[in-house]
Amino acid sequence: MTIAAAVGPARRRARIAYLLLLPGIAWLAIFFIIPLISLFFTSLQVSTGSSGKYKAGFNWRNYVEALSEYWEFFLRALIYAGFATVLALVIAYPLAYFIALKAGRWRALMLVLVVAPFFASFLLRTYAWKTILADDAVITQTLNALHLLPDGRILNTSIAVIAGLTYNFLPFMILPLYAALDKIDPRLIEAGSDLYASPFTTFRKVTWPLSMPGVVAGTLLTFIPAAGDYINAELLGSTKDKMIGNAIQTNFIEFRDYPMASALSFILMASILIIVTVYIRRAGTEELV
Amino acid sequence: MAWLRSKLLGIVAVLVLVYLFVPIAVVAVLSFNNPEGKFNVSWNEFSLSAWGNLCGVAGVCQSFILSIEIALIATLIATVFGTMIALALVRYRFRGRGAANSLIFLPMATPEVVLGASLLALYLNLRLPLGFWTILIAHIMFTISFIVVAVKARLQGMDPRLEEAAQDLYASPWQTFRFVTFPLVLPGILGAALLGFALSFDDFIISNFASGTTVTFPIFIWGAAQRGIPVQVYALATLVFALALVGTVLGQIVSSRRRRKLAASS
């Protein structure tokens with residue numbers, strides 16, 4: 001807080017703050033909060049018998065049906081997103097570490113390059129993986145020669161879906177990791193090696209704990225969109241790899257089963273919320289101390 | 001061996017950057033392809049026909065221009081709203097600050113399918129006609145949070161003593177903002193706006209819910225995927241990427257030159 005803010009006419013300053021907040025917060029209230037409430041009531045609507053038409057009600061059975069019909073889709077989404085998040089962390093960490101602590105004059109340019117993929121179409125990039133992972137492409141051929149692929153192929157398997165998810169959300173992992181690593185005083189890491197700690201011990205005892213805020217933020221920003229994604233499963237997976245996002249999308253737009261799609265959305269949000277809360281508790285109490 | 005070990009981290013970092021660009025390179029290469037069948041997925045022969053006739057497929061350019069229009073308007077509005085929120089959150093203490101912070105964070109913690117589905121539920125309940133306006137509303141909504149986060153980071157990195165100095169010299173709050181805060185935060189705002197533009201221009205999941213029969217560029221790509229995406233789409237996407245990359249790199253060079261000059265003169 002600035003000194004001027006402390007001694008200034010506090011009430012007038014608060015009024016300025018509320019005026020600054022008003023348009024943006026009102027927009028979010030009307031087009032984010034109210035739609036969520038609207039979605040909740042839609043999830044309890046009752047079918048009228050004709051397709052796409054529902055009337056208001058409190059039909060909690062929608063949730064039971066959603067879970068019993070689509071529990072596998074939920075499970076798959078959480079597992080795929082979990083794998084993709086861990087892989088993204090492993091891939092992103094060295095790059096973020098290098099940019100934050102070693103890149104010197106290349107730092108600004110490397111940061112631009114990390115954000116640059118956002119400017120190339122998400123759909124086309126995912127589609128490009130079809131070419132890269134195709135059955136007759138180098139990667140598949142090589143892995144097949146080494147007998148490393150259980151299905152003999154990558155495309156249209158869960159491996160392709162996880163690979164696509166890992167790739168697509170990687171910048172969301174790199175940027176928070178970079179921000180956290182950038183705040184570390186390099187002298188702390190030097191002190192570790194001065195005290196004869198091995199590079200690995202220094203990393204485990206100094207760098208990793210200090211980068212924890214970035215790890216938490218990055219894993220959340222990767223896991224959440226990955227768990228709700230349906231593009232990768234649709235373009236790179238087979239029909240057996242469909243995730244909960246696919247179920248929500250088809251129920252809403254194709255089947256026009258709005259109550260079912262809404263119930264699925266709420267279960268997805270609730271499960272993400274639970275996982276996130278448990279995860280932040282864990283990361284906050286055990287790892288940070 | 002010692003050389004390799006000392007350079008290992010740098011090599012891994014460069015490899016990760018390369019990995020980020022492999023699919024983009026594939027898109028760029030395929031934009032010069034003359035595909036054998038309908039599907040532009042494997043290399044056949046070199047051709048400039050798509051680049052020479054960018055609008056050669058029905059609907060491609062309409063959807064491209066529509067996406068640019070929506071992204072420009074959405075970015076402008078979201079940047080103004082988002083910057084105002086960031087200023088309020090960083091520079092002021094007031095009741096409800098925690099709640100405002102959570103309200104900013106929540107849309108980023110909500111999967112896009114849920115954002116899209118909930119907006120469509122509202123639109124349907126209100127019987128709003130789907131199209132340009134419903135897409136625009138959605139884009140402003142999901143861009144605001146990202147802008148707030150980006151501008152907030154810039155404001156927090158700013159030395160508060162600069163603003164205090166201006167106030168000590170009897171600058172009004174508006175003058176302080178206009179001549180001290182704003183010029184210092186401007187690079188952060190521009191960066192945030194650029195990110196907002198990219199997110200809006202490229203959004204498919206939310207737009208697909210909010211669009212009805214209106215076709216944005218990503219929706220065009222999705223629709224074309226079943227029949228084979230025209231090569232023109234690859235060329236347009238490559239063009240956007242190249243322009244953005246050249247623009248940001250040039251911006252970086254200019255701003256680092258200016259910083260060096262300032263450092264040299266002071």
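The values are calculated or read from the model by the stated rules, or taken from the named source; none is laboratory data. Predicted, not measured: the structure shown is a model, and the values here were computed from it. A quick note on method: Cβ atoms are made from the backbone with ideal geometry, for glycine too, and the neighbour counts reach across all protein chains shown.
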Exercise for the section: Determine whether region B:233-253 contains at least one residue that is within 11 Å of chain A (Cβ to nearest Cβ), crowded, with 18+ Cβ neighbours inside 10 Å and aromatic (Phe, Trp, Tyr). Expected result: yes
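When you look at residue B:56, is it in a helix (DSSP H, G or I) and not polar (S, T, N, Q), yes or no?
Considered against the rule, which asks whether it is in a helix (DSSP H, G or I) and not polar (S, T, N, Q), residue B:56 comes out as no.
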Exercise for the section: Could you tell me whether any residue of region B:70-77 is assigned by TED's automatic domain parsing to the domain that holds residue B:242, in a helix (DSSP H, G or I) and buried (at least 21 other Cβ atoms within 10 Å of the Cβ)? Expected result: no
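Specify which of the listed residues (B:33, B:40, B:53) is exposed (fewer than 14 other Cβ atoms within 10 Å of the Cβ) and out of contact with any Cys (no Cβ under 8 Å at 6 or more places or on another chain).
Values: B:33 fails: exposed (fewer than 14 other Cβ atoms within 10 Å of the Cβ); B:40 fails: exposed (fewer than 14 other Cβ atoms within 10 Å of the Cβ).
Answer to the check: B:53.
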Fill in the blank from the handout: Those residues of region A:22-58 that are within 21 Å of residue B:209 (Cα to Cα), aliphatic (A, V, I, L, M) and more than 10 Å from every other protein chain (Cβ to nearest Cβ) come to a total of 1
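Residues are listed down the side, and each one gets a yes or a no for (1) within 10 Å of chain B (Cβ to nearest Cβ); (2) small (Gly, Ala, Ser); (3) assigned to a helix (DSSP H, G or I):
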residue: A:219; (1), (2), (3): no, no, yes
residue: A:251; (1), (2), (3): yes, no, yes
residue: A:256; (1), (2), (3): yes, no, no
residue: A:276; (1), (2), (3): yes, no, yes
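Under the condition of being part of a helix (DSSP H, G or I) and of a type in the set (S, T, N, Q), which residue from region A:221-242 is farthest from residue A:175 (Cα to Cα)? Don't jump to the end; show me each part of the working.
Step one: filter region A:221-242 for residues part of a helix (DSSP H, G or I), giving A:221-228, A:231-236, A:239-241.
Subsequent filtering for residues that are of a type in the set (S, T, N, Q) retains A:222, A:232, A:239.
Values: A:222: 11, A:232: 22, A:239: 33 Å.
Among those that are part of a helix (DSSP H, G or I) and of a type in the set (S, T, N, Q), it is A:239.
Filter region A:218-256 down to the residues that are acidic (Asp, Glu) and touching a residue at least 60 places away in the same chain (Cβ under 8 Å) and list them by number. Talk me through it step by step, then tell me what you get.
Within region A:218-256, the subset acidic (Asp, Glu) is A:229, A:234, A:241, A:254.
If the condition is that a residue be acidic (Asp, Glu) and touching a residue at least 60 places away in the same chain (Cβ under 8 Å), then A:229, A:241 are the ones that fit.
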Completion exercise
region B:105-173: helices (runs of 4 or more DSSP H) wholly inside it with 2 or more residues that are touching a residue at least 40 places away in the same chain (Cβ under 8 Å) and facing chain A (nearest Cβ under 8 Å) are B:112-126, B:132-156
Completion exercise
residue B:196: passes all of (1) more than 10 Å from chain A (Cβ to nearest Cβ); (2) more than 25 Å from residue B:108 (Cα to Cα) but (2)
Exercise for the section: Tell me the helices (runs of 4 or more DSSP H) entirely within region A:139-216 that contain at least 1 residues that are under 25 Å from residue B:20 (Cα atoms) and more than 14 Å from chain B (Cβ to nearest Cβ). Expected result: A:158-168
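Within region B:20-47, restricting attention to residues that are more than 7 Å from chain A (Cβ to nearest Cβ) and assigned to a helix (DSSP H, G or I), which residue is farthest from residue B:236 (Cα to Cα)?
Taking region B:20-47 and keeping what is more than 7 Å from chain A (Cβ to nearest Cβ), we get B:21, B:25, B:28-40, B:43-47.
Next cut, assigned to a helix (DSSP H, G or I) only: B:21, B:25, B:28-30.
Numbers: B:21: 17, B:25: 14, B:28: 10, B:29: 13, B:30: 12 Å.
Only one residue tops the list, namely B:21.
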Problem - Those residues of region A:212-248 which are buried (at least 24 other Cβ atoms within 10 Å of the Cβ) and either more than 17 Å from the chain's Cα centre (by Cα) or polar (S, T, N, Q) (or both), in sequence order - result: A:222, A:232, A:236, A:237, A:247, A:248
Handout entry: Residue, nearest to the chain's Cα centre (by Cα), within region B:167-186, restricted to residues that are surrounded by 12 or more Cβ atoms within 10 Å (Cβ to Cβ) and hydroxyl-bearing (Ser, Thr, Tyr)
Key = B:181
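Can you tell me how many residues within region B:2-18 are more than 7 Å from every other protein chain (Cβ to nearest Cβ) and under 29 Å from the mean Cα position of the chain (by Cα)? First the steps, then the outcome.
First, pick out the residues of region B:2-18 that are more than 7 Å from every other protein chain (Cβ to nearest Cβ): B:2-8, B:11, B:14-15, B:18.
Filter again for under 29 Å from the mean Cα position of the chain (by Cα), leaving B:11, B:14-15, B:18.
Matching residues across region B:2-18 total 4.
Given the criteria in contact (Cβ under 8 Å) with a residue 60 or more places away in the chain, small (Gly, Ala, Ser) and under 15 Å from residue B:204 (Cα atoms), does residue B:82 qualify?
Values: in contact (Cβ under 8 Å) with a residue 60 or more places away in the chain: yes; small (Gly, Ala, Ser): yes; under 15 Å from residue B:204 (Cα atoms): no.
The answer is no for residue B:82.
To keep it simple, each residue is scored yes or no on (1) out of contact with any Asp or Glu (no Cβ under 9 Å at 6 or more places or on another chain); (2) within 21 Å of residue B:71 (Cα to Cα); (3) crowded, with 16+ Cβ neighbours inside 10 Å.
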site: B:116; (1), (2), (3): yes, yes, yes
site: B:119; (1), (2), (3): yes, yes, yes
site: B:124; (1), (2), (3): yes, no, yes
site: B:130; (1), (2), (3): yes, yes, yes
site: B:134; (1), (2), (3): yes, yes, yes
site: B:140; (1), (2), (3): yes, yes, yes
site: B:144; (1), (2), (3): yes, yes, yes
site: B:161; (1), (2), (3): yes, no, no
site: B:165; (1), (2), (3): yes, no, no
Exercise for the section: Restrict the check to region A:141-153 and report whether at least one residue is touching a helix residue (DSSP H, G or I) at 6+ places or on another chain (Cβ under 9 Å), buried (at least 20 other Cβ atoms within 10 Å of the Cβ) and of a type outside the set (Val, Ile, Thr). Expected result: no
Practice task
Assess whether residue A:121 counts as being at the interface with chain B (Cβ under 7 Å from one of its Cβ atoms) and among the hydroxyl-bearing types (Ser, Thr, Tyr).
Solution key: yes
Exercise for the section: Could you grab me the full set of residues in region A:129-158 that are charged (D, E, K, R), closer than 13 Å to residue B:41 by Cβ and without any contact (Cβ under 8 Å) to a residue 24 or more places away in the chain? Expected result: A:135, A:136
Practice task
Write out, first by first residue and then by second, each pair whose Cβ atoms fall under 9 Å of each other, whose residues are 6+ apart or on separate chains, and whose first residue, in region B:208-231, is free of Cβ contacts under 8 Å to residues at least 60 places away in the same chain and surrounded by fewer than 17 Cβ atoms within 10 Å (Cβ to Cβ) while the second is in a loop (DSSP other than H, G, I, E, B) and not small (Gly, Ala, Ser).
Solution key: B:223/B:215
Completion exercise
For region B:74-106 the number of residues that are under 16 Å from the mean Cα position of the chain (by Cα) and under 30 Å from residue A:260 (Cβ atoms) is 0
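If the requirement is being aliphatic (A, V, I, L, M) and modelled with pLDDT of 90 or more, which of these qualifies: A:5, A:14, A:10, A:26?
Details: A:5 fails: modelled with pLDDT of 90 or more; A:14 fails: modelled with pLDDT of 90 or more; A:10 fails: modelled with pLDDT of 90 or more.
So the residue among A:5, A:14, A:10, A:26 that is aliphatic (A, V, I, L, M) and modelled with pLDDT of 90 or more is A:26.
If I filter region A:82-93 for residues that are more than 20 Å from the chain's Cα centre (by Cα) and more than 29 Å from residue B:207 (Cα to Cα), do I get at least one hit? If you could, list the steps in order and put the result at the bottom.
Let us first name the residues in region A:82-93 that are more than 20 Å from the chain's Cα centre (by Cα), namely none.
No - not one qualifying residue is present in region A:82-93.
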Handout entry: residue A:235 vs. criteria more than 21 Å from residue B:121 (Cα to Cα) and among the hydrophobic types (A, V, I, L, M, F, W, C)
Key = yes
